[in-house]
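To start, the structure under review is shown below, and the notes come after it.
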Amino acid sequence: MKSSTSAQTIHASYRLARAAYAERGVDTDAAIKKALAVPISLHCWQADDVRGLETPVEGLAGGGIMATGGYPGRARNGDEMRADLDLVLKLLPGAQRLNLHAFYAETGKKPVDRDAITPAHFANWLDWAKGHRIGLDFNPTYFAHPKANDGFTLSSADKKIRQFWIDHGRACRRIAQHFSKQLGSPSVINHWIPDGTKDQPADRFSPRARLVEALDAVLDDKGVSGAHCVDAVEGKLFGLGSEDYVVGSHEFYYSYAQSRKVVPCLDLGHYHPTESVADKVSALLQFHPRLLLHTSRPVRWDSDHVVILDDAVRALFTEIARGGAFNRVFVALDFFDASINRIAAYVVGARATRQAILLGLLDPTKLLKAAEAGGRGHERLALMEQAKSMPWGAVWDELCLRSGTKPAETWLEDVAGYETKVLSKRS
Ligand code: RNT
Ligand code: ZN
């Protein structure tokens, strides 16, 4: 073990860091506690490159999203996914949840179409979640299916196709409610559809009108309660094959969410590259009680690269901390990189997300706001710059130790061991 990552060194560095932060009005012990308590919903789909477990596997046809790369070791079934996620959970500090997609149903040899799935098809996942004492979130899978091949699902002009996807959405809400009842924790169910066109449509109105109606039909179910099933809707600017027109655009879903009292989902990869998602938080929270956040990383497009501690992620969580809004956001990961070890992808992305949460909580907000109120813009700027070089890494390592997880990059040895023992044996 390197001496810089021994517990003794970490505690000593932490004491110095704590004092430096205290001088700037920040309580690091409180920040650690709070940062560990924010649940992060781990997306199951990094484990298998968003393929799903259906028989036969349909692939990503009609999906508008794509995992690229061929690194060995992809999980090939539910058991392998859960084994991988066991290790991932062990390497992550703080509260987690698991975010499932509907096409991770396990129906045995018998194919069960999406409109007919039931909680029984998720029994293994539920047991796994119970074993880990974590909550489950859910997503209808409105893609990777023959009935999504022409690029339209809930907004399809074909009534039968639309009804199929409405039935799927309804089945999924029942499943989410079941998870919530079984686990004692509300399940966030996120509706994202790939609907749109590559080139300029002549009719932008009709698909949007149909989408309103179809979503209403999905949500209109007296047997599902908002106390168990928290619905969210995710818009985007463009997708693969829907470059010109996305039916479920941001404006569409912000308005839909507000009028139907559901939650808007903001994915960091779904905006114009110069747009600040952080800036949207204080605007949307004036009107929406809660937001769902998908942390992701767009590289030139909605590429779903592994989350790193970049400016967009930092700004987002700093904004939430400054607004005292952690109890009003659901945090979920959404990336899929098939070109690197997938366990490490999870750990890097989830740790970076929690680091950003911690950094937000370490922000010297009081001093900044005082400088601002006093008209001392230069002081505000200088303090913001100073915050960047504060010894937050020492606070992070301490956070890891306090939660019983490995500090710094020392978790890499577990990933290497698992790769040798388990992943390398998968074809
Ligand atoms: C796609 C959306 C959506 C998906 C997942 C798999 O652009 O971001 O959230 O990535 O549902
Ligand atoms: Zn997303």
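Here are some notes:
- Here segment 1-36 is the region considered, the condition is being assigned to a loop (DSSP other than H, G, I, E, B) and among the hydrophobic types (A, V, I, L, M, F, W, C), and the residue that is modelled with the lowest pLDDT is M1.
- Exactly one residue out of V277, V306, V331 is within 22 Å of L358 (Cβ to Cβ), within 16 Å of ligand 2 (Cβ to nearest atom) and in contact with a Pro (Cβ under 8 Å, 6 or more places away or on another chain): that is V331.
- Considering F143, F138, the condition of being in a strand (DSSP E or B) and within 16 Å of ligand 2 (Cβ to nearest atom) is satisfied by F138 alone.
- Some residue of segment 161-175 being within 26 Å of A344 (Cβ to Cβ) and either assigned to a loop (DSSP other than H, G, I, E, B) or out of contact with any Leu (no Cβ under 8 Å at 6 or more places or on another chain) (or both): no
- Close Cβ contacts (under 7 Å, 6 or more residues apart or on different chains) running from residues in segment 293-322 that are on the phi > 0 side of the Ramachandran plot to residues that are within 11 Å of ligand 1 (Cβ to nearest atom) comprise D304/I65; D304/G269; D304/S296; D304/D334; D304/F335; D304/F336.
- Qualifying residue in segment 208-219 (condition: open to solvent by 10 Å² or more (accessible area, probe 1.4 Å), assigned to a loop (DSSP other than H, G, I, E, B) and either touching a residue at least 40 places away in the same chain (Cβ under 8 Å) or not polar (S, T, N, Q) (or both)): no
- Within segment 289-323, the set of residues being surrounded by fewer than 18 Cβ atoms within 10 Å (Cβ to Cβ), in a loop (DSSP other than H, G, I, E, B) and not hydrophobic (A, V, I, L, M, F, W, C) comprises P289, R300, D310, G323.
- Residues considered: K160, K147. Of these, the only one that is out of contact with any Cys (no Cβ under 8 Å at 6 or more places or on another chain), open to solvent by 30 Å² or more (accessible area, probe 1.4 Å) and farther than 20 Å from I65 by Cβ is K160.
- Summed over segment 257-276, residues that are assigned to a helix (DSSP H, G or I) and either more than 24 Å from D137 (Cα to Cα) or open to solvent by less than 10 Å² (accessible area, probe 1.4 Å) (or both) total 1.
- Screening A171 on (1) open to solvent by less than 40 Å² (accessible area, probe 1.4 Å); (2) closer than 30 Å to L358 by Cβ; (3) more than 16 Å from ligand 2 (Cβ to nearest atom); (4) not acidic (D, E) shows it passes everything except condition (2).
- Filtered residues of segment 121-144 (kept if closer than 22 Å to V233 by Cβ and surrounded by fewer than 21 Cβ atoms within 10 Å (Cβ to Cβ)): none
- Contacts under 8 angstrom Cβ, first residue in segment 113-127 being in a loop (DSSP other than H, G, I, E, B), partner open to solvent by 50 Å² or more (accessible area, probe 1.4 Å), 6 or more apart: T118/R174
The values are calculated or read from the model by the stated rules, or taken from the named source; none is laboratory data. Owing to the predicted nature of the structure, the values given are computational and were not obtained by experimental measurement. As a convention, Cβ positions derive from the backbone with ideal geometry for all residues, glycine included, and neighbour counts pool all protein chains shown. Please note that ligands, DNA and RNA were not included when accessible areas were found on the heavy atoms of the full protein model with its side chains. Shrake-Rupley method; radii C 1.70, N 1.55, O 1.52, S 1.80 Å.
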